[in-house]
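One structure is given here, and the rest of the page talks about it.
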Amino acid sequence: MHEHHDHDPSHCGHDHGPRHIYIYSPASAIRDKAAFKRGIARLKALGHEVEVDPDAQAVHTRFAGDDATRLAAIHRAAASGADVALITRGAYGLTRILPGIRYKAVAKAIERGMKFVGLSDFTAFQNAVLAQTGATTWAGPALISDFGVEGEPDDIMMACFDDLLTGHGEGTGWRMNKEQPHAVTGKPAVPDVYVKNATLWGGNLAVLTGLVGTPYFPQVKGGILFVEDVSEHPYRIERMLTQLLHAGVLGQQKAVVLGQFTGYRLAPHDKGFKLQSVVDWLRTQIKAPVLTNLPFGHVQTKVLLPVGATVSLSVEERDALIYWGHQH
């Protein structure tokens with residue numbers, strides 16, 4: 001699933017020392033204080049310097065502080081000189097402060113080597129940064145849900161995060177779902193394909209769809225769009241994909257990659273309508289291949305993906321690989 005390259009640190013030319021990780025809360029307030037503490041302790045135990053934003057535990061209704069407080073936290077993260085800026089959690093809160101973000105400051109921090117990492121609601125920030133500046137951020141773990149778990153965090157997620165910190169992540173491979181060949185043509189559900197030098201973008205489907213028609217929605221042509229979601233019934237997933245389809249977005253992509261869609265329950269009314277029904281329908285609407293089972297979403301086993309980076313994609317039978325080479 002994850003292309004993790006064994007190598008000798010003494011020969012690879014990468015710095016394997018501790019990293020400076022800045023922890024901040026740009027969206028919802030922290031409710032699980034124990035997981036917050038566990039996450040910080042775990043990163044420190046790995047030898048990293050962990051700097052916690054002064055307002056990381058702020059609370060204003062459901063948010064981690066009011067809008068001005070959360071904007072200030074983002075700008076402190078950008079100015080911190082950290083190697084990685086990692087969100088505590090997503091949920092909701094970034095969409096409403098997008099106009100107040102100083103995108104040039106964020107892009108400058110990224111240019112200097114900072115990697116902004118997160119998922120879920122963080123999709124709003126990531127796509128706004130891409131739309132406004134063209135800079136790359138990373139779809140990946142959050143402090144509480146990934147590093148703050150009881151027991152051991154997922155080893156694939158940890159390996160990918162380590163790749164990001166040490167600068168030798170080169171891509172991610174995975175196995176797609178087993179699917180029946182096309183009923184009429186007998187062709188495989190996903191053809192063998194190779195896409196070179198395309199922009200990888202996307203994230204949480206609901207958050208991304210909510211950006212359509214705004215200055216924070218990237219205008220990506222010939223890209224590779226990846227999407228995931230949680231607690232969304234298949235018909236709602238289809239409705240959001242329909243919006244992207246009718247807005248002309250899906251038809252401009254070279255591939256659409258479906259991550260993990262979890263936390264929903266089918267109803268008797270569905271009468272056989274399920275997630276696979278949505279996949280089958282989508283394939284009748286666009287020419288680009290629709291890939292499945294990308295290990296990313298609201299799940300423990302998740303890879304890290306460079307949002308806005310130029311990548312290549314290859315598919316051979318059920319094996320898929322997104323490759324980006326070194327991202328420095």
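The values are calculated or read from the model by the stated rules, or taken from the named source; none is laboratory data. Being a predicted model, the structure only gives us computed values, none of them experimental. Here Cβ is always computed from backbone atoms with ideal geometry, including for glycine, and neighbour counts include all displayed protein chains. Areas reflect the complete protein model, heavy atoms only, side chains present, ligands, DNA and RNA absent. Shrake-Rupley method; radii C 1.70, N 1.55, O 1.52, S 1.80 Å.
Taking a straight line from the alpha carbon of K115, these lysines sit under 23 Å away, with near neighbours fewer than eight places off in the same chain left out: K37, K44, K104, K302.
Taking Cα centroids, how far is the range 42-57 from the range 218-290 in Å? Here the answer is 36 Å between Cα centres. A simple count of charges around H233, restricted to other residues whose Cβ falls under 12 Å of its Cβ and scoring Lys, Arg +1 and Asp, Glu -1, yields 0.
The residues neighbouring G297, those whose beta-carbon lies less than 9 Å from its own, together hold a net charge of -1 under the Lys/Arg +1, Asp/Glu -1 convention.
Listed by chain and number, the lysines whose C-alpha is less than 18 Å from the C-alpha of K221, apart from same-chain residues fewer than 8 away, are K196, K254, K287.
Ordering 172-182, 100-110, 218-228, 201-211 by mean Cβ neighbour count within 10 Å, with the highest value first, yields 201-211, 218-228, 100-110, 172-182. Shown for the chain: the carbon plus sulfur share of the solvent-accessible area, taken with all protein chains present and a 1.4 angstrom probe, equals 50%.
For a Förster distance of 41 Å, can you work out the FRET efficiency between the beta-carbons of V193 and R96, rounded to the nearest 0.05? Mind showing how you got there, number by number?
Numbers: r = 38 Å, r/R0 = 0.94.
It comes to 0.60.
Neighbours of Q260, meaning other residues whose beta-carbon lies under 10 angstrom from its beta-carbon, give a summed charge of -1 when Lys and Arg score +1 and Asp and Glu score -1.
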